[in-house]
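Novice: Quick one: the structure is below, questions incoming.
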Amino acid sequence: MTKNDRANFGSKIGVILASAGSAVGLGNIWRFPFETGNHGGAAFILIYLGCVIALGIPIMIAEFLIGRRSRANTAGAYRLLSPGTQWKWVGRLGVLSGFLIYSFYSVVAGWTLEYIVQAVSGGLSGQSTEGFISTFNTFVSNPWRPALWTIAFVLLTHIIIVRGVERGIERSSKILMPLLFILLLVLACCSISLPNAGEGVRFLLQPDFSKVDSKVLLGAMGQAFFSLSLGMGCLCTYASYFRSDTKLPRTACNVAVIDTLVAILAGFIIFPAAFSVGIRPDSGPSLLFITLPNVFQQAFGALPLLAMLLSLLFYVLLALAALTSTISLHEVGTAYLHEEFNFSRKKAATLVTTCCVVLGILCSLSLGVGSHLTLFGMTLFDLFDFVTAKIMMPAGGLFIALFAGWYLDKQIIWEEISNHGTLKVHIYRVLLIGLKYVAPIGITLVFLDQLHVFG
Ligand code: PHE
């Protein structure tokens, strides 16, 4: 395929929204709250913010410039920019991470479809907190339903992917993101006004650094990579469709800000409500799905129709936010197979879909009938989450930083971030220090800390 055959993101706002659409998803609204709950609250959030600024933004700019410079899929990008070297493995590692993330991510995305149906059929109204907990547990341990929803979600993504980059991804992101943001804001206000919500707000705002250990550090770093879609070639692939006048540093900052705001907002929805109705903050992956129905019930119980409509709107938007992320996950593998193996786009997409349907079903079953089958004490679902977010993505980020900071010609970096000298770039030096030293040393220290090198 020649350069000119490749699609482009049409408008400027489309670029930001598509990248933000990849970043904002279940990672912010489902994963961020439960990781925050598991790791003690405010201190985790502060470390998370530090990771977004010190690691996330520089690595995102690096992915953008690698993608746009090469105009290729993530494995092709390294091959083109460093011919004959082993750097191509960074891209391939990213493609593999993409498959694994897509597989467990689509399970949770499938849950959102179930909750849409529940919201419409009235299954989420009039229950006690225990009722919501048991509804969720019964659902996820059912062998069929969640697996079928997983398949449905992957197929939905497939349809959009085969329709092409510009039409599918861009058009959907443009309308949905702002709507989701407004609804989250409304829900956060509702949650904060519930009785005894103050304890949840304190949980989010009063850090207790005595509880910070190596798990908290790894958790926060992993969450930053997961939430920003970093370290696995996703944003690199998207950047290969960016126009040549897209401002890379500014786009990266916008995406990081939007993504972080959504995550924090989700925290302000989940924790005040969880503390208010007595749900433990460390309930794990079920946290969003058992807390949120309570918010609708408590805040709008007197107006059942409004409660129903708002919960329906929420789950629809959540599913769509997940969809803009699965589209980007799918695109990594599709672009790779299409360009590196000369498969047609349709065939490439079908291969990705088939693999992820199989792995997705296995992940879904691992939460029910297969829950006794564990590896390193984790179900397949938890294992995929752990290995990708806490090992592969930060490791990918480490290599991307090393590649851009040490290997790549500085002229290329300068040209890409300044759009060939047409932009004033104040952050060039800071970016280089971030990529050369801060990110590689920071990520390595967190990894070494895991191995208890520091006692
Ligand atoms: N960042 C997405 C989210 O927060 C998940 C994702 C990870 C998407 C990696 C693409 C690549 O939901």
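Novice: Out of region 70-129, which residues are out of contact with any Ser or Thr (no Cβ under 8 Å at 6 or more places or on another chain) and among the polar types (S, T, N, Q)?
Specialist: 82, 85, 86, 103, 112, 121, 125, 128, 129
Novice: Considering each of 322, 299, 307 in turn, give the residue that is at pLDDT 90 or above and in a helix (DSSP H, G or I).
Specialist: Details: 299 fails: at pLDDT 90 or above; 307 fails: at pLDDT 90 or above.
Among 322, 299, 307, only 322 is at pLDDT 90 or above and in a helix (DSSP H, G or I).
Novice: Kindly indicate whether any position in region 84-95 is more than 16 Å from the ligand (Cβ to nearest atom) and open to solvent by less than 40 Å² (accessible area, probe 1.4 Å).
Specialist: Yes, because at least one residue in region 84-95 is more than 16 Å from the ligand (Cβ to nearest atom) and open to solvent by less than 40 Å² (accessible area, probe 1.4 Å).
Novice: Going by the structure shown, is residue 287 in a helix (DSSP H, G or I) and within 20 Å of residue 41 (Cβ to Cβ)? Walk me through how you get there before you give the answer.
Specialist: Values: in a helix (DSSP H, G or I): yes; within 20 Å of residue 41 (Cβ to Cβ): yes.
When the stated conditions are applied, residue 287 passes them.
Novice: For region 325-344, name all the residues that are open to solvent by less than 10 Å² (accessible area, probe 1.4 Å) and within 12 Å of the ligand (Cβ to nearest atom). Even if it seems obvious, please write down each step before you answer.
Specialist: So the first thing to find is which residues in region 325-344 are open to solvent by less than 10 Å² (accessible area, probe 1.4 Å), and the list is 325-328, 330-335.
If the condition is that a residue be open to solvent by less than 10 Å² (accessible area, probe 1.4 Å) and within 12 Å of the ligand (Cβ to nearest atom), then 325, 326, 327, 328, 330, 331, 332, 333 are the ones that fit.
Novice: Where in region 11-72 are there helices (runs of 4 or more DSSP H), lying fully within it, with 3 or more residues that are of a type in the set (Gly, Ala, Ser)? Walk me through it before giving the result.
Specialist: On the way: elements: 12-23, 32-38, 42-51, 57-70.
Once the helices (runs of 4 or more DSSP H) in region 11-72 are filtered for at least 3 residues that are of a type in the set (Gly, Ala, Ser), what remains is 12-23, 42-51, 57-70.
Novice: Any residue in region 330-348 that is without any contact (Cβ under 8 Å) to a residue 24 or more places away in the chain sitting within a Cβ distance under 8 Å of a residue that is not in a helix (DSSP H, G or I) and not hydroxyl-bearing (Ser, Thr, Tyr)? List the pairs, counting only those 6 or more apart or interchain.
Specialist: 337/343; 348/341
Novice: Using the structure shown, decide if residue 363 is within 16 Å of the ligand (Cβ to nearest atom), part of a helix (DSSP H, G or I) and farther than 25 Å from residue 90 by Cβ.
Specialist: On the way: within 16 Å of the ligand (Cβ to nearest atom): yes; part of a helix (DSSP H, G or I): yes; farther than 25 Å from residue 90 by Cβ: yes.
When the stated conditions are applied, residue 363 passes them.
Novice: Can you name the number of the only condition in (1) within 16 Å of the ligand (Cβ to nearest atom); (2) farther than 29 Å from residue 152 by Cβ that residue 103 fails?
Specialist: Here residue 103 meets the rest and fails (2).
Novice: Only one of (1) closer than 23 Å to residue 382 by Cβ; (2) of a type outside the set (S, T, N, Q); (3) at pLDDT below 95 is not met by residue 10, so which one is it?
Specialist: Against the list (1) closer than 23 Å to residue 382 by Cβ; (2) of a type outside the set (S, T, N, Q); (3) at pLDDT below 95, residue 10 comes up short only on (1).
Novice: Right, something else. Has region 245-258 got at least one residue that is surrounded by fewer than 22 Cβ atoms within 10 Å (Cβ to Cβ) and at positive phi?
Specialist: No, because not a single residue in region 245-258 is surrounded by fewer than 22 Cβ atoms within 10 Å (Cβ to Cβ) and at positive phi.
Novice: For residue 283, which of the numbered conditions (1) at pLDDT below 95; (2) open to solvent by 10 Å² or more (accessible area, probe 1.4 Å); (3) more than 24 Å from residue 104 (Cβ to Cβ) fails to hold?
Specialist: Exception for residue 283: condition (3).
Novice: Right, another one. Among (1) over 29 Å from residue 70 (Cβ atoms); (2) of a type in the set (A, V, I, L, M); (3) without any contact (Cβ under 8 Å) to a residue 24 or more places away in the chain; (4) open to solvent by 30 Å² or more (accessible area, probe 1.4 Å), there is one condition residue 365 misses while meeting the rest; what is its number?
Specialist: (3)
Novice: Scanning region 298-315 for residues that are open to solvent by 50 Å² or more (accessible area, probe 1.4 Å) and touching a residue at least 24 places away in the same chain (Cβ under 8 Å), which turns out nearest to residue 157 (Cα to Cα)?
Specialist: Ranking the candidates gives 313 first.
Rundown of residues vs (1) among the β-branched types (Val, Ile, Thr); (2) in contact with a Phe, Trp or Tyr (Cβ under 8 Å, 6 or more places away or on another chain); (3) within 30 Å of residue 105 (Cα to Cα), yes/no style:
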{"site": "383", "(1), (2), (3)": "no, yes, yes"}
{"site": "388", "(1), (2), (3)": "yes, yes, yes"}
{"site": "392", "(1), (2), (3)": "no, no, yes"}
{"site": "404", "(1), (2), (3)": "no, no, yes"}
{"site": "411", "(1), (2), (3)": "no, no, no"}
{"site": "414", "(1), (2), (3)": "no, yes, no"}
{"site": "420", "(1), (2), (3)": "no, no, no"}
{"site": "433", "(1), (2), (3)": "yes, no, no"}
{"site": "440", "(1), (2), (3)": "no, no, yes"}
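Novice: Looking only at region 380-434, filter to residues that are of a type in the set (Gly, Ala, Ser) and either away from the ligand (no atom under 16 Å from the Cβ) or closer than 15 Å to residue 61 by Cα (or both); which one of those is modelled with the lowest pLDDT? Outline the logic, then answer.
Specialist: Our first condition is that a residue be of a type in the set (Gly, Ala, Ser); within region 380-434, this holds for 389, 395-397, 401, 404-405, 418, 421, 434.
Add one more test, that the residue is either away from the ligand (no atom under 16 Å from the Cβ) or closer than 15 Å to residue 61 by Cα (or both), and what stays is 396-397, 401, 404-405, 418, 421, 434.
Working: 396: 98, 397: 98, 401: 98, 404: 98, 405: 97, 418: 96, 421: 92, 434: 97.
Of everything passing the filter in region 380-434, 421 is modelled with the lowest pLDDT.
Novice: What is the one condition in (1) of a type in the set (Val, Ile, Thr); (2) over 25 Å from the mean Cα position of the chain (by Cα); (3) in a helix (DSSP H, G or I); (4) surrounded by fewer than 17 Cβ atoms within 10 Å (Cβ to Cβ) that residue 391 does not satisfy?
Specialist: Every condition holds for residue 391 apart from (2).
Novice: Ok, one more. Criterion first (among the charged types (D, E, K, R) and open to solvent by less than 10 Å² (accessible area, probe 1.4 Å)) does residue 130 satisfy it? So that I can check it myself, show each step before the final result.
Specialist: Details: among the charged types (D, E, K, R): yes; open to solvent by less than 10 Å² (accessible area, probe 1.4 Å): no.
In short, no.
Novice: If we scan region 44-56, do we find a residue that is within 16 Å of the ligand (Cβ to nearest atom) and over 19 Å from the mean Cα position of the chain (by Cα)? Full working, then the answer.
Specialist: First, pick out the residues of region 44-56 that are within 16 Å of the ligand (Cβ to nearest atom): 45, 48-49, 51-52, 55-56.
Still in the list and also over 19 Å from the mean Cα position of the chain (by Cα): none.
No - not one qualifying residue is present in region 44-56.
Novice: Oh, and also: I'd like the full set of residues that are open to solvent by 50 Å² or more (accessible area, probe 1.4 Å), farther than 18 Å from residue 408 by Cα and not in a helix (DSSP H, G or I), limited to region 418-450.
Specialist: 422, 424, 426
The values are calculated or read from the model by the stated rules, or taken from the named source; none is laboratory data. Because the structure is predicted, anything quoted here is derived from the model rather than measured. Because the Cβ atoms are built from the backbone with ideal geometry, glycine has one as well, and the counts that use them run over all protein chains shown. Only protein heavy atoms, including side chains, enter the accessible area calculation; ligands, DNA and RNA are left aside. Shrake-Rupley method; radii C 1.70, N 1.55, O 1.52, S 1.80 Å.
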